[in-house]
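A quick write-up on the structure given underneath.
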Amino acid sequence: MLYLLPLSVSCRVPGSPPAPGSRSRRFLDPGGGRGVGDGLGGVRVFRRRALRGTDVRSNTSSSSSSSRKGRHDDARHDGGAGHGGYGDDGDAGALLASVRRLLLSGSAQDDAAAEEDEQGQFPKRWAIVFLCFSAFLLCNMDRVNMSIAILPMSAEFGWNPQTVGLIQSSFFWGYLLTQIAGGIWADTVGGKTVLGFGVIWWSIATALTPVAAKLGLPFLLVTRAFMGIGEGVAMPAMNNILSKWVPVSERSRSLALVYSGMYLGSVTGLAFSPLLIHNFGWPSVFYSFGSLGVFWFSTWASKAYSSPLEDPGISAEEKKLITSQTTGGEPVKEIPWGLILSKPPVWALIVSHFCHNWGTFILLTWMPTYYNQVLKFNLTESGLFCVLPWLTMAVSANFGGWIADTLVSRGLSVTTVRKIMQSIGFLGPAFFLTQLSHIDSPAMAVLCMACSQGTDAFSQSGLYSNHQDIGPRYAGVLLGLSNTAGVLAGVFGTAATGYILQHGSWDDVFKLSVVLYLVGTLVWNLFSTGEKIID
């Protein structure tokens, strides 16, 4: 995915001053100054450093012999550290690597691949981002499967729409309880422990759902609430981890990727749930999805760390890059609640999160029912057509993250960028939801829903990135605080939708969401900021 790469690279000629605003890369210098021709090898090493934006002044300011000696010392150091570097013995591996560099020198893409092969190390901060992405993939897979399974379950157990709304909202009971607690826990203990706990907890609850449903409605409600407890700590823990691992210049892209995991999780869950139900019955969805968390946890426990300072395998260059551009600071020992709650931008986050999540959670939990009842799609079609809006969100979230980081890198203030992106995230869904009452074609209704969700995903570069902007040391707590309001929107919105449908229509459901989107737009643009206000 190309947006993971730097937006620009800084290339310098030996002896020239560094380019303004150049950023160092965290990759290890593969060393290997000895190759086919010492001079050419030096140029190749310099070229790789320049492409990464690494400071090369120490080599260019000294004599040629000192430069070669420095590179040889780096190679010995890398080899001794076990990072795939080559020593001074001129072994066959170093010679082959040099030859490969020469052969691939005509292509920038191939040269980058050769460099990655030499270094033998994927950027660690993006490995952490990818693990968070996969956790959120599982998170929404386990969450949306109920929106599909609820249809055959309702037929089997005789549930009316109000009971269905109660079941769907029970997830948020537990989800609500652990937002602030999860943020405090993550900021004081570390995000690795908290996120690992959350994934295992919700995976077990998912696997136990069929058993609970057959025991009776109270058992099912408790199990779904327990599942919410596990998923409730995930977002604060992730926010804590990324505030320590990801530089500010990559914040929007990293968060967009992680949250796109949620959208792709919805895609995966909605696509595979009907197939599993059709072939193996509705309990198979919960058994199969719940078991995936065990495999994720085994990788997380061995590879992840709460911060780069705790990771013994990270390179010194990468650690320096991350710590110089992040502002996570030392672990939090005390939460300044009075200071936090006295800031208008914090309340802008809280109110906007509530308004945003009202519409989002209604679409998350009720869309299969909408497609089935209004558009007359069958079970399989309902699941498949629900995939399109979430797939659109996954694409547009990453596109929005790239736009946001580009605007910031070109000098636009973070405050302006956050307001632009979140305004799109509010006004876009509001506009497309108002069009649904005028559309008779099922295909156009699905397209309209996809456009609504696609613009909604720009919120990942708006309010969802803002917690780390205004209070990076308390990123977990701030997200827990604002997401508590978001969860309340899920609890009330999901249950209220069932009530509205029993006494009104889908038009009434959408009109209420539009009103809240407009309120959120007003509050956000009046009171939000991208500056740090809590140290």
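The values are calculated or read from the model by the stated rules, or taken from the named source; none is laboratory data. If you're wondering where the values come from, they're calculated on a predicted model, not measured in any experiment. Cβ placement follows ideal geometry from the backbone for every residue including glycine, while neighbour counts extend to all protein chains displayed. Areas reflect the complete protein model, heavy atoms only, side chains present, ligands, DNA and RNA absent. Shrake-Rupley method; radii C 1.70, N 1.55, O 1.52, S 1.80 Å.
Some values worked out for this structure:
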quantity: Residue within segment 381-403 that is modelled with pLDDT of 80 or more, surrounded by fewer than 23 Cβ atoms within 10 Å (Cβ to Cβ) and within 20 Å of residue 529 (Cβ to Cβ) present; calculated: yes
quantity: Matching residues, segment 449-475, being open to solvent by less than 10 Å² (accessible area, probe 1.4 Å) and more than 30 Å from residue 343 (Cβ to Cβ); calculated: 449, 450, 452, 453, 454
quantity: Cβ pairs under 7 Å, 6+ apart, first in segment 386-414 and free of Cβ contacts under 8 Å to residues at least 40 places away in the same chain, second buried (at least 20 other Cβ atoms within 10 Å of the Cβ); calculated: 407/417
quantity: Residue 310 being under 24 Å from residue 197 (Cβ atoms), more than 21 Å from the chain's Cα centre (by Cα) and open to solvent by 20 Å² or more (accessible area, probe 1.4 Å); calculated: yes
quantity: Within segment 121-171, tally of residues that are more than 23 Å from residue 283 (Cβ to Cβ) and assigned to a helix (DSSP H, G or I); calculated: 14
quantity: Conditions (1) open to solvent by 10 Å² or more (accessible area, probe 1.4 Å); (2) modelled with pLDDT under 90: number failed by residue 240; calculated: (1)
quantity: Residue among 465, 396, 459, 437 that is assigned to a helix (DSSP H, G or I), in contact with an Asp or Glu (Cβ under 7 Å, 6 or more places away or on another chain) and not aliphatic (A, V, I, L, M); calculated: 437
quantity: Every residue from segment 196-212 that is more than 13 Å from residue 138 (Cβ to Cβ) and open to solvent by 50 Å² or more (accessible area, probe 1.4 Å); calculated: 197, 208, 211
quantity: Output for segment 513-532, where each listed residue is open to solvent by 40 Å² or more (accessible area, probe 1.4 Å) and touching a residue at least 60 places away in the same chain (Cβ under 8 Å); calculated: 518, 519, 525, 526, 527, 531, 532
quantity: Answer residue from segment 278-307, given it is aliphatic (A, V, I, L, M) and open to solvent by 20 Å² or more (accessible area, probe 1.4 Å) and is nearest to residue 187 (Cα to Cα) among those; calculated: 301
quantity: Answer residue from segment 244-299, given it is under 26 Å from residue 469 (Cα atoms) and small (Gly, Ala, Ser) and is modelled with the lowest pLDDT among those; calculated: 249
quantity: Verdict on residue 345 being surrounded by 14 or more Cβ atoms within 10 Å (Cβ to Cβ) and modelled with pLDDT under 85; calculated: no
quantity: Selection count where residues are open to solvent by 10 Å² or more (accessible area, probe 1.4 Å) and in contact (Cβ under 8 Å) with a residue 60 or more places away in the chain, scope segment 497-509; calculated: 5
